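See structure below.
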There are 4 protein chains.
Amino acid sequence: MRTGVNDRSDLPIALVIGGGGMGMSTARRLGQSHRIILASLTADKNPKREELLREDGIDATVTQCDITDPESVADLGRFVAERGQLRTLAHVAALSPATGDWRTVLTANLIGVTHIERMCLGLATQGTAAIFVSSLAAHRSDPPSDEIISVLDDPLAPDFFERLEALVPEQESVLAYRLSKFSVNRMCRRRASEWGARGARIVSMSPGLIATPMGAREFSGQSGELKRELLRSTPLQREGTMVETADAIEFLASERASFITGTDLLVDGGTLAAVR
Amino acid sequence: MRTGVNDRSDLPIALVIGGGGMGMSTARRLGQSHRIILASLTADKNPKREELLREDGIDATVTQCDITDPESVADLGRFVAERGQLRTLAHVAALSPATGDWRTVLTANLIGVTHIERMCLGLATQGTAAIFVSSLAAHRSDPPSDEIISVLDDPLAPDFFERLEALVPEQESVLAYRLSKFSVNRMCRRRASEWGARGARIVSMSPGLIATPMGAREFSGQSGELKRELLRSTPLQREGTMVETADAIEFLASERASFITGTDLLVDGGTLAAVR
Amino acid sequence: MRTGVNDRSDLPIALVIGGGGMGMSTARRLGQSHRIILASLTADKNPKREELLREDGIDATVTQCDITDPESVADLGRFVAERGQLRTLAHVAALSPATGDWRTVLTANLIGVTHIERMCLGLATQGTAAIFVSSLAAHRSDPPSDEIISVLDDPLAPDFFERLEALVPEQESVLAYRLSKFSVNRMCRRRASEWGARGARIVSMSPGLIATPMGAREFSGQSGELKRELLRSTPLQREGTMVETADAIEFLASERASFITGTDLLVDGGTLAAVR
Amino acid sequence: MRTGVNDRSDLPIALVIGGGGMGMSTARRLGQSHRIILASLTADKNPKREELLREDGIDATVTQCDITDPESVADLGRFVAERGQLRTLAHVAALSPATGDWRTVLTANLIGVTHIERMCLGLATQGTAAIFVSSLAAHRSDPPSDEIISVLDDPLAPDFFERLEALVPEQESVLAYRLSKFSVNRMCRRRASEWGARGARIVSMSPGLIATPMGAREFSGQSGELKRELLRSTPLQREGTMVETADAIEFLASERASFITGTDLLVDGGTLAAVR
């Protein structure tokens, strides 16, 4: 018998995509009821992430994955399947408008998300739940034109960027972010029947202003005044915390949400209601 | 010391409006963490309701209220205030299209709801949460015109029906139901800032096809074929249960939803996603 | 597709033994996360019990079982096995000292319990949890002599009563109750290794003074003054409720108690601590 | 409005005593539903602890306290009282037999615990819960003599060590550990009435073999073979995890345990049942 480890082969698997602050807080929360497999692009930090989760009593394995690379995603699928039954997917990884340009943001936040969704559907069985962390940004503007939507609905098409860029002249990262998040929420609605056929669920969760280190930097950046105005308008008069996003993810993943699929849960302190 | 009772003066108060099946199942669920005050129109059945809740170990008081009567709602407010701090409101009471005509449905489902919302806002303090049970019907059609919406936004206006009926020629109960549920969800968004100013939250929860005695009858009634078709389209391939609506209400009422306000949670097994 | 039912084939099975007040409140609680099979001796009331549970949105089947009859218990085991995997056993059924004599109480509360434990061990797999509702009475007196204990440890022996009665001259129902509850707690400790070998858990839960209809009657009966004195001594200065016993059973059955086995949880408001 | 912080003035306070692995995992768990004040002796590490908790979205303040110093404990009490209402105490700090001698272990694990219990009783109101982490060691041997117990019951007496050492010739740290843990569980029973008079609860939680870094070292140390044998005897055939001790603490602190006081919850995978 091995000692000093947190071996929980009695628990089902949760796959968490994303090694940043919200990825770690999600892994800690789901680690209360799952064995965790955390996938993150930045392989050099993964041993430290695994150590931190294990120090907290969690049965955690952290592995490298580039979600924009189909081969890497397929490898991750095999890695999960070898270890047991996937109960929960929490996709947290995303580029913010500040950390990537138009194509990079769409590649990570839409194409990468789609690769993960397809792979995990293949692992889904009765009771599996997939939660995709989206954003208030998915809701804030009017929806794009039907023409644009029909392109966004097929992000794995070989000519995806060509067709999209023919329709969208201003190829800026803020817009890429909005379109990608709009599309993630839409994907969760459109794919609910496929997941349902396996007894599985797929939902998005859209956080508003959340107190994260990345979020804090944005208050002082270019979009600082806009964010401060949003915060002043927020009915609950504060930012949310990563405890509260984890609360929502945990609920959506749990059997308490067993009739919730194909929809979005907005966790924004009322911001959208106040500014829409 | 009194014995054989379930005295839980240590618990905060949940007010549940509605004594039907979902009202009782909601009272049972919230009764795990609250003292219950259940308000129902049908006074003759209230002693039996109180007995059933008490048999389950719940500190429950069942009282009469006609939510369409401002005096009766004011009395209910005093009744609650005398007993302690309101932590949770769960408004469940509603007329289905089959149980009322155009004006009756709007009076119960929109004017009555508004009276309750106003009264409970007066009792709300830090941590209070109000959950209004709405319906998938709130989402199924295109929204009404801006003109109609502006009338629906002020259901307590003395000329409410006159103005509404001037805009809506077909005054049928199915439409009354849809408009009332659309308006309840909208009310929860529009009132989030008022509730937030007190540190309180207000949300709607929209159930889809739920297995209730009332629901079962509708499968054989006029709208039976429509409901059967909706059920066949539902990604989870089944009706939901009142356990699952109680799960959603309990979550929205809990501190785990502390950053969720001014929005709607759809609990429909994916029906809307599949048919929209 | 059937409608108007609460079909939850997605959920694991909880078997609840006992159709009285605490059995029903336990079934309602576990019915939030399980399909319920409730077994009760009084077959004529079972259709009503099933109806009440189904009205609350629970997937419930109520069946007859005489736990003192090995054949009836074996039938129950087959009934459960045909329907799916047993996740949880909650054994609630018990005779109070007022409702049976020496042999009747021991037959129900010890021999019957042992039949159920043996049968359910045969159905247990990784993650199964068995909770036996015991009583404060298990803790209140000094333990019996080693000789008596060794007889109590084998209640299925053909000469059980002969050997026990040779050692215990005063064969009264109050003593039968205490000995049976002492033995149930002891059984949960002694059988933990057998259950553990299957990855399963077995625990007892000992309620103190709980507000039940049966309990209320006892305040006015023979033992009324004793009970009143116990209540006055209770640190929390009140009786517990069946919500609180359900809370304890739900916790012990859940994965949140995954390292708790072979022990007892006392839910008595501190009574034992104050009077021991 | 401050940004980038996790200000949760809407939440009640949990005081966690102990900054080691289990203290941090307890703070993370209770931080899901409380503002955290963590008190630890090793002040130099406190800023890092606060940073780690805040990175996880928790409203956490980490402060220095020497629980063996009555003045320091009184300061901590004032620090808590200034910040709000104490809902939960989780006392985790303890010296293991390997990290202190006879007097040091008793001073930390019994005298220090008593100072904290007295101070927190002064802050307790309706709904406050105190959880003291004890140990399987509290249960493993026969209880000490009545004479020794009467000395242990008054650890703040000026001649405590003189009286105790007159009765206990072998003054070894392993024995000090056992006596201190025995006394902590006993304290929770004996003090239940005082806490109950304020509507508050006090319980101990006794973990068995838990996978911690400290625990892992002990498998290779002097007591390694004994621990390995205990583990082989454990019904669940594994060590527990700090997730599972946090599960137990969270439950005991919650309103779901509202009728549990003056008792101990053993979280040991059945070890005690198997070896007693």
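The numbers here are math on the coordinates, done by the rules we state, and not lab data. The structure presented is a predicted model; accordingly, all values stated were derived computationally and were not measured. For neighbour counting, all protein chains shown are included, and Cβ atoms are generated from backbone atoms with ideal geometry for every residue, glycine included.
State the residue of chain A whose Cβ is nearest the axis carrying A onto D, and the distance in whole angstrom.
Looking at chain A's Cβ atoms against the axis toward D, the nearest is A:28, 3.
Give me P(r) over the range A:51-192, computed from all C-alpha to C-alpha distances, binned every 10 Å, as integer percentages.
11, 39, 32, 14, 3, 0
Step by step: find N for the range D:132-276, compute 2.2 N^0.38 Å, then divide the Cα radius of gyration by it. What's the final number?
1.13
What does the range C:1-67 give for Rg and for Dmax, in Å, if only its C-alpha atoms count?
Spelled out, the Cα radius of gyration and Dmax of the range C:1-67 are 11.1, 36 Å.
Rank-order C:13-23, C:158-168, C:50-60, D:120-130 by packing density, defined as the average count of other C-beta atoms within 10 Å over each peptide's residues, highest first.
Answer by packing, highest mean first, reads C:13-23, C:50-60, D:120-130, C:158-168.
Tell me, what is the percent relative contact order of the range D:137-276, built from C-alpha pairs under 8 Å that lie six or more residues apart?
Dividing the mean separation by the residue count of the range D:137-276 yields 29 percent.
Scan around residue B:93 for amide H atoms under 5 Å from its own, H built in the peptide plane at 1.01 Å from N, and keep only partners 5 or more places away or cross-chain.
B:17, B:18
Taking the Cβ of residue D:101 as the centre, find all other residues whose Cβ is under 14 Å away and add up their charges (Lys, Arg: +1; Asp, Glu: -1).
Local charge sum for residue D:101: -2.
Counting only residues 5 or more places away or on other chains, whose amide H sits under 5 Å from the amide H of residue C:206 once H atoms are built in the peptide plane?
Those qualifying (amide H under 5 Å, at least 5 residues apart or on another chain) are C:134, C:265, C:266, C:267.
Quick one: if the Förster radius is 41 Å, what FRET efficiency do residue D:167 and residue C:223 give, using the C-beta to C-beta distance and rounding to 0.05?
0.50
Would you list, by chain and number, the lysines whose Cα falls below 19 Å from the Cα of residue D:227, excluding same-chain residues fewer than 8 positions away?
Cross-link targets: D:181.
Distances from residue D:142 to the same residue in each other copy, label points 7 Å out along Cα→Cβ, in nm, shortest first?
Label-point distances to the other copies, shortest first: 1.4, 8.7, 8.7 nm.
Taking beta carbons within 10 Å but only from partner chains, what does the mean come to for residues A:54-63?
5
Viscosity 0.692 mPa s, temperature 37 °C: Stokes-Einstein D of the range B:108-181 from its Kirkwood Cα radius, in µm² per second?
Once the numbers are plugged in, D ends up at 240 µm²/s.
Rounded to whole Hz and in sequence order, give me ³J(HN,Hα) for the range C:138-155 from the Karplus expression 6.51 cos²θ - 1.76 cosθ + 1.60, θ = phi - 60°, writing x for Gly and Pro.
Ordered by residue, 3J(HN,Hα) equals 5, 9, 6, 9, 5, x, x, 5, 4, 5, 4, 4, 5, 6, 4, 5, 10, x Hz.
By how many degrees, between 0 and 90 and to the nearest 10, does the Cα long axis of helix D:173-190 differ from the longest principal axis of chain D?
Approximately 60 degrees, to the nearest ten.
Going Cα to Cα from residue A:48, which aspartates and glutamates come in below 13 Å? Please leave out same-chain ones fewer than 8 positions away.
A:56
Give a residue-ordered list of calculated ³J(HN,Hα) values for the range A:101-109 (Karplus: 6.51 cos²θ - 1.76 cosθ + 1.60, θ = phi - 60°; whole Hz; x for Gly, Pro).
Couplings: 8, 2, 6, 5, 5, 5, 5, 6, 7 Hz.
Between residue B:167 and the same site in the other copies, what are the distances in nm, shortest first, taking label points 7 Å from Cα along the C-beta direction?
3.2, 8.2, 8.3
Starting at the first residue of the range A:230-242, write each ³J(HN,Hα) from the Karplus equation 6.51 cos²θ - 1.76 cosθ + 1.60 with θ = phi - 60°, in whole Hz, x for Gly and Pro.
Residue by residue, the range A:230-242 yields 4, 5, 4, 7, 5, x, 7, 6, 6, 6, x, 10, 6 Hz.
At q = 0.22 Å⁻¹, what log₁₀ I(q)/I(0) does a Debye calculation on the Cα points of the range C:193-255 give, no solvent, two decimals?
With no solvent term, the Cα-only Debye profile gives -0.91.
Under a point spin-label approximation (7 Å from Cα along Cα-to-Cβ), what is the residue B:126-residue C:150 distance to one decimal in nm?
For residue B:126 paired with residue C:150, the spin-label model returns 6.4 nm.
If you put a point 7 Å past Cα along the Cβ direction, how far is that point for residue C:101 from the same point in each other copy, in nm, smallest first?
Computed spacing set for this position: 6.8, 7.0, 9.4 nm.
Give me the percent of Cα-Cα pairs in chain B that sit more than 23 Å apart, rounded to a whole number.
Summing the P(r) tail past 23 Å for chain B gives 52 percent.
When Cβ neighbours within 10 Å are restricted to other protein chains, what is their mean count per residue of peptide A:105-111?
Per residue, the number of nearby Cβ atoms from other chains is 0 on average.
Treating the protein assembly as shown as a set of equal point scatterers at the Cα positions, no solvent, please give the Debye-formula log₁₀ I(q)/I(0) at q = 0.05, 0.07, 0.09 Å⁻¹.
Values, matching the q order: -0.32, -0.65, -1.10.
Determine the shielding of peptide D:180-190 by partner chains: average, over its residues, the number of Cβ atoms on other chains within 10 angstrom of each Cβ.
Whole-number average of other-chain Cβ neighbours for D:180-190 is 1.
Evaluate 2.2 N^0.38 Å with N set to the residue count of the range A:76-124, then give the Cα radius of gyration divided by it.
1.34
Could you tell me, in Å, what Rg and Dmax come out for the Cα atoms of the range C:121-164?
Over the range C:121-164's Cα set, Rg and Dmax evaluate to 14.6, 38 Å.
Ratio to report: Rg/Rh of the range A:12-134, with Cα atoms as the point set and Rh obtained by the Kirkwood method; give two decimals.
For the range A:12-134, the value is 0.94.
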